[in-house]
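Asks: Handing you a structure now.
Laboratory data are not the source of any read-out in this text; all were calculated from the coordinates shown. The structure presented is a predicted model; accordingly, all values stated were derived computationally and were not measured. Please note: Cβ atoms are built from the backbone with ideal geometry, for glycine as well, and neighbour counts cover all protein chains shown.
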Amino acid sequence: MSRYRRASLGSGSGYVPGEQPPDGAHWIKLNTNESPLPPSLGVGPAVEEAVVELHRYPHPQGEPLRSALARHHGLSPESVVLGNGADQVLESCFRAFADPGDTVVLTRPTYSLLPLLARLGGARVVTVPMDGGGTLPEAFATTPGVMRVLCNPNSPTGSWAPPAAVAAVVGAVDSVVVIDEAYCDFAPESCVPLLADNDNWLVLRTFAKSYGLAGLRVGYALGHPDLIADVSAVIEIYPVDRLALAAAGAALADQAHHARIVEMVVSERERLVAALEGAGWDLVPSQANFVLGRPPGGDAAGVASDLRQQRILVRHFPDGDHRDRLRITLGAPEQNTALLAALGIGA
Ligand SMILES: Cc1ncc(COP(=O)(O)O)c(C=O)c1O
């Protein structure tokens with residue numbers, strides 16, 4: 001860190017992502033909640049076609065993808081704003097709705113990027129503990145704040161609250177409610193249909209998980225056009241580049257492939273949960289594309305390190321409430337089988 005850094009940032013090094021395989025050879029990467037399958041075969045040709053237009057800036061609002069997403073969700077194009085990943089949309093929500101000194105209400109646990117975004121913008125954070133089963137507490141609604149952010153399914157637990165339960169808690173609050181549904185395609189239901197009754201809600205989605213496009217960075221928010229205009233007013237100019245727009249459009253058009261990714265993850269989740277629980281792991285019930293579990297004995301760091309020796313990467317969070325647990329992304333069937341074998345568990 002240099003002596004010129006803004007004092008309010010402190011000495012932190014920012015968001016710490018999961019490790020990238022240190023060399024190219026035969027790693028099984030189960031540490032950053034990516035899709036086990038690559039994207040639709042339609043993506044390559046769509047990107048190639050877009051290359052010849054790369055001397056032109058992309059559409060500022062991300063057309064034609066924005067309109068395609070609007071149709072997909074049964075909303076108007078003005079109800080959609082695109083960003084360079086859901087992360088950028090989240091950051092824009094903080095910029096749009098929280099002034100320095102304002103309070104933002106988060107759950108505990110939550111996506112580790114959120115407190116960091118609050119700090120970057122000088123917002124105060126109040127966290128409200130979720131109970132073990134992932135039930136959203138009343139305090140999430142009653143704690144004063146200008147914005148509340150809920151990840152549903154949550155990260156890093158995978159716990160999920162049904163939309164009706166979310167509405168029962170935050171259906172009457174007078175603040176912005178951001179519902180980050182990055183993992184929602186792996187869960188039974190979305191909060192998107194409830195946007196019609198809640199003009200202070202934003203629902204965030206991403207192409208990084210269930211469309212296999214983590215490498216391209218495309219996310220978006222859905223909500224009332226006035227809220228969407230607020231986010232659009234602060235987001236980067238041309239937030240999604242031409243290649244990413246073309247790729248995400250092709251991925252969205254191939255719903256059969258998207259369904260294949262979701263089905264693989266959901267069926268592998270059942271298999272992995274059964275095998276790990278059978279071997280004595282304590283798992284949080286997950287509706288996401290990962291599971292969070294405590295290995296027998298609780299030496300999560302040791303287990304992660306053993307797996308790494310065998311070229312399998314899983315996520316261990318050394319600080320905070322989950323240091324005795326590992327977050328394991330659902331891989332393809334053969335990857336999960338290799339994981340179980342490395343753990344000494346029969347598949
Ligand atoms: C809850 C949550 N929201 C958003 C993201 C990031 O989405 P994107 O890759 O579109 O920025 C993640 C990534 O792991 C996440 O866990």
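Asks: Could you pull out the trypsin sites (Lys or Arg not before Pro) across segment 1-109 that fall in loop regions by DSSP (anything but H, G, I, E, B) with no more than 11 other Cβ atoms inside 10 Å?
Replies: Within segment 1-109, the qualifying trypsin sites (Lys or Arg not before Pro) (loop, at most 11 other Cβ atoms within 10 Å) are 3, 5, 6, 56.
Asks: Still on this structure: What is the percent of Cα-Cα separations in segment 43-253 that go past 29 Å?
Replies: 21 percent
Asks: Shifting gears a bit: Exactly which trypsin sites (Lys or Arg not before Pro) in segment 272-341 are in a DSSP loop and have at most 14 other Cβ atoms within 10 Å?
Replies: Of the trypsin sites (Lys or Arg not before Pro), the ones in loops of segment 272-341 whose Cβ has at most 14 other Cβ atoms within 10 Å are 323.
Asks: For residue 7 and residue 271 in one chain, what is 0.36 nm times their gap in residues minus the Cα-Cα distance, to one decimal in nm?
Replies: 90.2 nm
Asks: Run through the DSSP bridge list for segment 43-253 and note the antiparallel percent, rounded to the nearest 5.
Replies: Given both bridge residues lie in segment 43-253, the antiparallel proportion sits at roughly 35 percent.
Asks: Still on this structure, I have one more. List every residue whose amide H lies under 5 Å from the amide H of residue 177, counting only residues 5 or more places away in sequence or on a different chain, with H placed 1.01 Å from N in the peptide plane.
Replies: Distant-sequence amide H within range of residue 177: 148, 201, 202.
Asks: Enter the Cα centre distance for the pair segment 297-345 and segment 22-39, rounded to the nearest angstrom.
Replies: Their Cα centres are 14 Å away from one another.
Asks: How do 191, 151 line up, fewest other C-beta atoms within 10 Å first?
Replies: With the sparsest Cβ surroundings first, the list reads 191, 151.
Asks: Another one. Can you pull out the chymotrypsin sites (Phe, Trp or Tyr not before Pro) in segment 1-54 that DSSP calls coil and that have at most 10 other Cβ atoms within 10 Å?
Replies: Qualifying residues, ordered by number: 4.
Asks: At 18 Å minimum axial length over the Cα atoms and a Kyte-Doolittle cut of -0.5, report the qualifying DSSP H helices in the chain, or say none.
Replies: Membrane-span-like by this criterion, though nothing is claimed about a membrane: 255-278.
Asks: As a check on your grasp of the helix formula, calculate [θ] at 222 nm for the chain: sum -39500 (n - 2.57) over DSSP H runs of n ≥ 4, divide by the residue count, round to the nearest 500.
Replies: -10000 deg cm²/dmol
Asks: Sorted by mean Cβ packing within 10 Å, highest first, what order do the peptides 121-127, 78-84 take?
Replies: Highest mean packing first, the order is 78-84, 121-127.
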